[in-house]
Amino acid sequence: MGKLKIKKHTNSLALTDSRLEKVTSWGGASRSEGWVFRPTTAAQLADVFALARREGVSVGLRGGGNSYGDAASNQNGIVLDLTRMKRILEWQPETGIVTVEPGVTLRELWEYTLADGWWPPVCTGTMYITIGGGAAMNVHGKNAFKVGTLGEHILEFDLMLSNGETITASRDENSDIFHAAIGGFGMLGCFTRLTLQMKRIYSGEVAVQIINSRSLSEMFAQFRDNVPTSDYLVGWVDCTATGKMLGRGEVHQANYLTAAQDRYPQATMQRDHQHLGDTLFGIVPRSAMWRFMQPFWNRPGIPWVNRGKYWSSRLKDGGRYRQPHAQFHFLLNYFPDWQKATGKGGLIQYQPFVPAAHAEAVFTTILQRCQAAKLAPYLGVLKRHRADPFLMTHGLDGYSFALDFKVTDSNRPQLVALCRELDALVLANGGRFYPAKDSVLRPEVAQAYLGDSAVQQFRMLKKRCDPDDIIQTNFWRRVFVPLAD
Amino acid sequence: MQTVDRPLEPTKKAIVVGASSGIGAALVRDLSARGYRVAALARREAELDAVCADADNATAYVHDVTDYEVVPELFQQIVRDLGGLDVIVYNAGVQPQVAADEYDFEKDHQMIAVNLLGAMAWLNQAAQRFDRTKGGSIAAVSSVAGDRGRSAFPGYHTSKGALSVYMESLRNRLAKRGANITTIKPGFVDTPLLENADKTFWVISAADAARQIVNAIEAGKQTVYVPGRWRWVMLIIQHIPSFIFRRMSI
């Protein structure tokens, strides 16, 4: 009788040069270097934490790498890339409850559940975020005003702490950690298992309406009118328009279809039906589009791009059509790597969240100040939000205005100065900020919008979960470490 | 050391090898004034400490560049202390006095050991890192003396000529990996090394040379003469036929 061989798990990891990699922000405006590890199991994850402890280096967690700034970077430390922990552990098509590992992407999730009639409750503009990363950043979608952030649909998770121990948290168990780890930008521990409630759908399409907005003021009015009856609302803003047309743009309003409205749900709820398409006009590969965009992604060119989009919106005003979910949600994936069109300096996004009562006035002033500084954003996106129960949340009952700025070697100081000026305006009006998008937040601003009590509470939880401060990112060191002094 | 890095206002990190006097000391001051965090290396502790005391954000590491065995570990330690690495400048160099009829192997060996092998020991480490991290700048202070084999200092010319070729090889390896390699060829710079030069002209200060060198590194230049007019002089000198060159008193 042969002997059963038991393979002993050994930790032979080391910080070798072969692990060193460049780690860039999604916007490409900043880069860092780190020892990148890509565990596939929780045991390997624990090994990396043990290695960090042994070597005295920090560990930063990274999902799909879609954070615009430095929230998924850890300069000269270990970067835990979780994209290979991507098993769907359990799926209940009757209830829509799914349990996944942290590296499962939004795309993998909807591709898995769609045919059973379930869709992710919250979708970001890209389908390549991981669920772990989305939970850590507590991401939102175009339905934030109606269903809140992703965290509101998470039922339970397992979190591995930096000492290798795993705890379970839900609204009933370890509730404080549940509400702090979601939206805690990965600072308390690493999600190893997350359970979510998916959204029941009866069609693979949504009913979309295009509403042209001749000014920011009109867009706000359109949002107010449509919020009660919409499932999704998002506004594109031409940030280069001035005068009476300041903030002009286009609102996309969408609703789910009922069972009676889609005659062929079995066809529309197929993965192939959601395909974004490989080519534009059947000729130009979408993957090459950023090269065609590049000549226009500059100060003289971008107003023309915005004008073109605005006037085409005027022609399409009032148009209604049905669109597959994926095509409606994942606009950032239409042209892969489109952010490269901004050039080698990359881009940053500044996304303030402002209470509903002040949002219109604040965002109008923001647009005027950007234009006065000759730093008009290349892209502006308006969304409606609601408050949520998470400790470090960006969510509030109000609006957000996401502004993309091209970064060049020469405009960095002006951009920093402008953002500081805008910070003061946002803070004075009770606004908040969003780590997933941030590149400029300062410690005192974070303290002001979160409040002393929330910051203190988070620090205490951090001390409890990660007493030796093993888990860190560039964002954490930039914004929160100085607050401890 | 865990440092704060701001996406729009990054703190760059630099290593200067051979930093206790002359161009190296000026490089530490210049980089530091531009906001770099600098690791300064040299053999002479007192002089090095004085240089670092005079610069903001510079740390001294006493090191003999011919102590090749310690370089890999020391390099890793410094990079960890700095919190990363963006720029490395190899500036260590010796030029002992050599008489016109002197063929002293010890002196030649010393020049090759410091000017060339020390550079290879340090810059290989940086090259390996930048190869992985797809970025960074490597610079070495070679010399116009490396462009032609004059009769005056055979060992020195050889060491600098070989250093320039080594840098070109690094460039050809790493350019496609996103790293930038800059060969610096100073003319006469007002430094202790100048004491052994047989004749001098167009002498510039070490501070001026350092400013031009850092500008060149930041601009991603490949080969830069300091000051720039040496490019044209050396272009002519390089093309003088050998049978004429050996009859000239240059």
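For the pair A:Ala115 and B:Asn215, label points projected 7 Å from Cα toward Cβ lie 6.6 nm apart. Once backbone amide H atoms are built at 1.01 Å from N, B:Arg6 has B:Thr11 as its partners under 5 Å, excluding neighbours fewer than 5 places away on the same chain. Here's the picture: charge each Lys and Arg Cβ at +1 and each Asp and Glu Cβ at -1 in chain B, and of B:Pro154, B:Thr66, B:Gly187 the one pushed furthest to the positive end of that dipole is B:Gly187. Angle between the Cα long axis of helix A:452-465 and the longest principal axis of chain A, 0 to 90 degrees, nearest 10? Helix A:452-465 sits roughly 30 degrees off the main axis of chain A.
Relative to its residue count, the range B:13-245 spans a Cα convex hull of 119 Å³ per residue. Sorted on the mean count of surrounding Cβ atoms within 10 Å across their residues, most packed first, peptides A:252-260, A:376-384 read A:376-384, A:252-260. On the basis of the beta-carbon distance and an R0 of 35 Å, B:Ala53 and A:Gln371 show a calculated FRET efficiency of 0.15.
Treating each Cα of the range A:2-161 as one equal point scatterer and applying the Debye formula with no solvent, the log10 of I(q)/I(0) at q = 0.10, 0.12, 0.14, 0.20 Å⁻¹ comes out as -0.43, -0.60, -0.78, -1.28. The residue among A:Leu216, A:Ala259, A:Val234 whose Cα reaches farthest toward the positive pole of the charge dipole of the range A:164-264, with charges on the beta-carbon of Lys, Arg, Asp and Glu, is A:Leu216.
Using only Cα atoms, what is the ratio of the radius of gyration of the range B:1-114 to 2.2 N^0.38 Å?
Against the empirical 2.2 N^0.38 Å value, I get 1.20 for the range B:1-114.
Per residue, the convex hull spanned by the Cα atoms of the range A:425-479 measures out at 83 cubic angstrom.
From largest to smallest, the equivalent ellipsoid semi-axes obtained for chain A from the alpha-carbon gyration tensor read 35, 28, 22 Å. For the range A:241-388, the fraction of alpha-carbon pairs lying more than 27 Å apart is 37 percent, rounded to a whole number. Of all alpha-carbon pairs in the range A:229-272, indicate the percentage at a distance above 13 angstrom. That tail contains 69 percent of the Cα-Cα pairs. Restricting the chymotrypsin sites (Phe, Trp or Tyr not before Pro) of the range A:309-369 to loop positions (DSSP other than H, G, I, E, B) with no more than 16 neighbouring Cβ atoms within 10 Å leaves A:Tyr334.
Judged by the gyration tensor of its Cα atoms, with axes a ≥ b ≥ c, the range A:255-316 is oblate; a/c meets the 1.5 cut and b/c is at least as large as a/b.
Proximity of backbone amide H atoms, modeled 1.01 Å from N, is registered between B:Arg34 and no other residue at under 5 Å, excluding neighbours fewer than 5 places apart on the same chain.
Here the Karplus curve 6.51 cos²θ - 1.76 cosθ + 1.60, taken at θ = phi - 60°, turns the phi angles of the range B:20-25 into couplings of 7, 7, x, 4, x, 4 Hz, with x standing for Gly and Pro. Placing a pseudo-label 7 Å from each Cα along the Cα-to-Cβ vector at A:Ser453 and A:Gln414 gives an inter-label distance of 4.3 nm.
Taking the C-alpha atoms only, the angle from helix A:216-226 to the longest principal axis of chain A is near 70 degrees. Taking all C-alpha pairs of the range B:88-201, those more than 21 Å from each other amount to 37 percent.
Please tell me the relative contact order of chain A in percent, rounded to the nearest whole number, where contacts are Cα pairs under 8 Å and at least six residues apart.
Over chain A, the number comes to 18 percent.
When the trypsin sites (Lys or Arg not before Pro) in the range A:226-331 are filtered for DSSP coil states and for at most 10 other beta-carbon atoms within 10 Å of their beta-carbon, the remaining sites are A:Arg263.
Using the Cβ-Cβ distance between A:Leu483 and A:Asp397 with R0 set to 25 Å, the FRET efficiency works out to roughly 0.45. Near A:Asp397: Cβ cut-off under 12 Å, other residues only, Lys/Arg at +1 and Asp/Glu at -1. The net charge is +2. The residues A:Met127, B:Met234, when put in order of fewest to most other Cβ atoms within 10 Å, stand as B:Met234, A:Met127. Rounded to the nearest 0.05, the FRET efficiency derived from the C-beta distance between A:Ala267 and A:Thr229 at R0 = 30 Å is 0.65.
Each Cα pair under 8 Å and six or more residues apart adds its separation to the average, and for chain B the resulting relative contact order is 18 percent. The HN-Hα couplings worked out from phi for the range A:391-397 by the Karplus form 6.51 cos²θ - 1.76 cosθ + 1.60 (θ = phi - 60°) are 4, 9, 5, 9, x, 7, 7 Hz, whole numbers, x standing for Gly and Pro. Less than 5 angstrom separates the built amide H of B:Asn180 from those of B:Gly136, B:Ser137, B:Ile138, all sequence-distant by 5 or more or on a different chain. Evaluating kT/(6 pi eta Rh) at 4 °C and 1.567 mPa s, with the Kirkwood radius of the range A:182-292 over Cα pairs in the Stokes-Einstein relation, gives 72 µm² s⁻¹.
Rule-based calculations on the coordinates, nothing more; no lab input. This is a predicted model, so every value here is computed, not measured. Positions of Cβ are backbone-derived with ideal geometry, glycine not excepted, and every protein chain shown enters the neighbour counts.
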